[in-house]
1. Long-range amide H contacts for residue 16: which residues qualify at under 5 Å (H placed 1.01 Å from N, peptide plane, sequence gap of 5 or more or a different chain)?
2. Quick check on the chain: helices-only [θ] at 222 nm, where DSSP H runs of length 4 and up contribute -39,500 (n - 2.57) each and the sum goes over total residues. Nearest 500, please.
3. Setting aside same-chain residues fewer than 8 positions from residue 2, which aspartates and glutamates have a Cα under 19 Å from its Cα?
4. Just checking my list (i) 182; (ii) 129; (iii) 100 against volume of the Cα convex hull per residue in Å³ computed from this structure; which label fits?
5. Mind listing which chymotrypsin sites (Phe, Trp or Tyr not before Pro) in the chain are in a DSSP loop and have 14 or fewer other Cβ atoms within 10 Å?
Amino acid sequence: MKTQSTFAGWDFNTIWYMDSNDYPKLRVFRKPPVAMCKNISVPLDATGNASISASQIDDGSSGQV
């Protein structure tokens, strides 16, 4: 009863999700993501552009997709 194959025709890509050994739940009620960012200083190059990576500013973000 606790597998996606039991729920034929249910849309587990966009509407429903299942944690292991649990029943289907609506995606809309999932825990929202939390964005945690570091403050950083970014120098500009001669043309006024800057480049950063996610690892430079990520400070422990979490969330479910």
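Each reported figure results from applying straightforward, stated rules to the coordinates on display, with no laboratory input. Keep in mind it's a predicted model, so treat the numbers as computed, not measured. No Cβ is skipped: glycine too gets one built from the backbone with ideal geometry, and neighbour counts run over all protein chains shown.
1. Those qualifying (amide H under 5 Å, at least 5 residues apart or on another chain) are 11, 27.
2. So the calculated ellipticity at 222 nm is -1000 deg cm²/dmol.
3. Here the aspartates and glutamates satisfying the reach criterion relative to residue 2 are 11, 19, 22.
4. (ii)
5. Answer in residue order: 10, 12.
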